[in-house]
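Worksheet for the structure shown next.
Nothing in this text is a laboratory measurement; each read-out follows from the coordinates by a stated rule. As the structure is a prediction and not an experimental result, all values here were calculated from the model. Positions of Cβ are backbone-derived with ideal geometry, glycine not excepted, and every protein chain shown enters the neighbour counts.
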Amino acid sequence: MSCCHYYAPTEGGDAAFSVDTNAITFGKGCLAEAGDHAKSLGISRIALFTDRALAAFPHVDNVKVSLLNSGLDVVVYDETRVEPTDQSFKSASQFAVEGKFDGFISVGGGSVIDTCKAANLYSSYPADFLTYVNAPIGEGQQPAGPLKPHIACPTTSGTGSECTGIAVFDLLEMKAKTGIVSRHLRPTQALVDPLCTHTMPKNVIAASAFDVLSHALESYTARPYTQRAVPGTPSARPMSQGANPWSDIGCRESLQILGIYIKRAVNDSNDTEAREQLMWAATLAGIAFGNAGVHVPHGMAYSVAGLIKNFRPDGYPTDEPICPHGMSVIVNAPSVFKHTAAACPDRHLAAAGWLGADTRDAGEEDAAEIISKQIIHLMRTTNMPNGISGVGYSTDDISALTAGAFPQQRLLQNAPCTITEESLAGLFEQAVSYW
Ligand SMILES: [Fe+2]
């Protein structure tokens, strides 16, 4: 399906896009290469970031042994938090400052990798915490230059954080999720080892896979880069530059892989082939969304996760209520894509086909229905929550959810159509339940 018209030039719009990515090594057992990569990056004293739960799995040990065998001085930091906060970022940064490291390695999910990015940033270019935090909450300043080398080793097949320059956290005093965004935050090297997926609980595989699905579908349907205003200087071109021909490649491939493997990977824990394929899909979608940016489902997820009341899903820590990131995103997705389909129906229809929908006799007028139905079908067959009511919300919560998500303008403005506060409330309303 041709989508060339999507990038037609516009008055005042950007005429160029950037291809930014880091070095990525992908393959079974590649965590054992950590020491050699660290050495070749000139690191001699390295901080190894992980979390306590992961310490029980062999991945952290594999990396540590590899680093030690290469003669590096290794210090482990395992106090990262699932769903990091400004406080946990500050504690990690303090550790990094005191440790006088010349490099970093993170072994874990998005929370670990993001925490490591922040620790690298604040120890490389110390500043008041809000200096680098996204405006309007923070000052949104860019660091003065490159950070120290960071090798990121994802242990879940979802986040894509190993490929992006984004670190997300909860700002406790404002009860708001926000982040730090900079090209300098992107890890120097990613080591993506699909063996890590073998030990992931079923629900974690599912939530991670739907995060990947939404990364790819949001990036593919994002506002085209030609409709974003030309930047004042080339270096000011944002990382989330909108859909572009480079990000399209990763989105397309990732969605096709998900269409084939998502049900198998979730519903058969012995299907290691399917789980490993999801890791590749996650990497491709990570490259794509790190380059194009995501939009409304992720913007809505900020308040779905942030205002969670009593939801405690299987496979996750039970000490406090939590809405895993992938679930907080996908519960919004059918509602959003049904709405955005009108802006670029051919893209929504193509994506539905890659995800397994029968689109043979479909026209563009069917795109909204087909894409939302296909996502719902995949959610139902993998036991995902039934919309935002499935994670504990009702129509009474819509105004609070809308108020929490509407400030996420960086994401909302990356949608292919204008999202007003009123339309956002309507999207939450349509997301209450799907079946
Ligand atoms: Fe995500």
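Based solely on its DSSP helices, what 222 nm [θ] is calculated for the chain when runs of n ≥ 4 H residues each add -39,500 (n - 2.57) and the sum is averaged over all residues, nearest 500 deg cm²/dmol? All intermediate terms of the calculation are to be shown ahead of the outcome.
Details: 15 runs with 183 residues, N = 435.
Only helices count here, giving -13000 deg cm²/dmol.
Compute the distance in nm between two label points, each set 7 Å from the Cα along the Cα-to-Cβ direction, one at ASN310 and one at CYS417.
Distance between the two pseudo-spin positions: 3.7 nm.
Tell me, what is the percent relative contact order of the chain, built from C-alpha pairs under 8 Å that lie six or more residues apart?
Numbers: 917 pairs, mean separation 66.4, N = 435.
Reported relative contact order: 15 percent.
Quick check: pseudo-label points 7 Å beyond the Cα along Cα→Cβ at PHE129 and ALA236, how many nm apart are they?
2.9 nm
Please report, in debye to the nearest 20, how large the charge dipole of segment 10-86 is about its Cα centre when each Lys and Arg carries +1 at its beta carbon and each Asp and Glu carries -1 there.
On the way: 6 positive and 12 negative charges, 98 e Å.
Dipole size: approximately 480 debye.
What is the ratio of the Cα radius of gyration of segment 131-287 to 2.2 N^0.38 Å, with N the residue count, to two decimals?
Working: Rg = 16.9 Å, N = 157, 2.2 N^0.38 = 15.0 Å.
Against the compact-globule rule of thumb, the ratio is 1.13.
How much of the DSSP bridge set in segment 29-192 is antiparallel, in percent, rounded to the nearest 5? Don't skip to the end; give the middle numbers.
Working: 8 of 25 bridges.
The antiparallel fraction comes to roughly 30 percent.
Set Lys and Arg Cβ to +1 and Asp and Glu Cβ to -1, take the dipole of segment 1-141 about its Cα centre, and tell me which of GLY29, THR80, ILE113 lies farthest positive.
Positive-most Cα among the choices belongs to GLY29.
Rounded, prolate or oblate for segment 364-432? Axes are the square roots of the Cα gyration tensor eigenvalues, ordered a ≥ b ≥ c, and the cut-off for rounded is a/c under 1.5.
On the way: a/c = 2.11, a/b = 1.18, b/c = 1.79.
Verdict is oblate for segment 364-432.
Can you pull out the GluC sites (Glu not before Pro) in segment 1-95 whose DSSP state is coil and whose Cβ has at most 10 other Cβ atoms within 10 Å? Walk me through the numbers before you get to the answer.
Numbers: sites: GLU11, GLU33, GLU79; in loops: GLU11.
Passing sites in segment 1-95 are GLU11.
In segment 203-253, what chymotrypsin sites (Phe, Trp or Tyr not before Pro) fall in a loop by DSSP, with at most 10 other Cβ atoms inside 10 Å? Walk me through the numbers on the way to the answer.
Details: sites: PHE210, TYR220, TYR225, TRP246; in loops: none.
Here no chymotrypsin sites (Phe, Trp or Tyr not before Pro) fit, given the DSSP loop and packing criteria.
Rg and Dmax of segment 29-192, using alpha carbons, in Å: what are they?
For segment 29-192, the Cα radius of gyration and maximum Cα-Cα distance read 14.6, 46 Å.
Size of the dipole of segment 204-273 about the Cα centre, Lys and Arg at +1 and Asp and Glu at -1 on the beta carbon, nothing else charged, in debye to 20? Intermediate values should be presented prior to the final figure.
On the way: 6 positive and 7 negative charges, 81 e Å.
Charge dipole of segment 204-273: 380 debye, to the nearest 20.
Could you put ILE262, ILE371, ILE322 in order, starting from the residue whose Cβ has the fewest other Cβ atoms within 10 Å? Could the numbers behind the result be given before it?
Values: ILE262 25, ILE371 30, ILE322 19.
With the sparsest Cβ surroundings first, the list reads ILE322, ILE262, ILE371.
Determine, from the Cβ-Cβ distance of LEU172 and ASN270 and an R0 of 51 Å, the FRET efficiency 1/(1 + (r/R0)^6), rounded to the nearest 0.05. Before the final figure, lay out the partial values.
Numbers: r = 41 Å, r/R0 = 0.81.
E(calc), rounded to 0.05, equals 0.80.
Take the cross-link list LYS309/LYS338; LYS90/LYS309; LYS175/LYS309; LYS90/LYS177 and give me the ones stretching past 23 Å between alpha-carbons.
Where the Cα-Cα span goes over 23 Å, the pairs concerned are LYS309/LYS338; LYS90/LYS309.
Given a Förster radius of 25 Å and the C-beta distance between ASP36 and VAL76 as r, what FRET efficiency does 1/(1 + (r/R0)^6) yield to the nearest 0.05?
Working: r = 20 Å, r/R0 = 0.78.
Calculated transfer efficiency: 0.80.
Kindly provide the GluC sites (Glu not before Pro) of segment 115-187 that DSSP labels as loop, not H, G, I, E or B, and whose Cβ sees at most 16 other Cβ atoms within 10 Å. Don't skip to the end; give the middle numbers.
Working: sites: GLU139, GLU162, GLU173; in loops: GLU139.
When the GluC sites (Glu not before Pro) of segment 115-187 are filtered for loop state and at most 16 Cβ neighbours within 10 Å, GLU139 remain.
At q = 0.06, 0.10 Å⁻¹, what log₁₀ I(q)/I(0) does the chain have when each alpha carbon counts as one equal point scatterer in the Debye sum?
Cα-only, vacuum Debye calculation for the chain: -0.22, -0.64.
Just for the chain, what percent of DSSP beta bridges are antiparallel, to the closest 5? Kindly include the intermediate steps, with their values, before the conclusion.
Values: 9 of 31 bridges.
Beta bridges within the chain, antiparallel portion: roughly 30 percent.
So, with +1 on the Cβ of K and R and -1 on the Cβ of D and E, and no other charges, what is the size of the charge dipole of segment 248-346 about its Cα centre, to the nearest 20 debye?
So the magnitude is around 300 debye.
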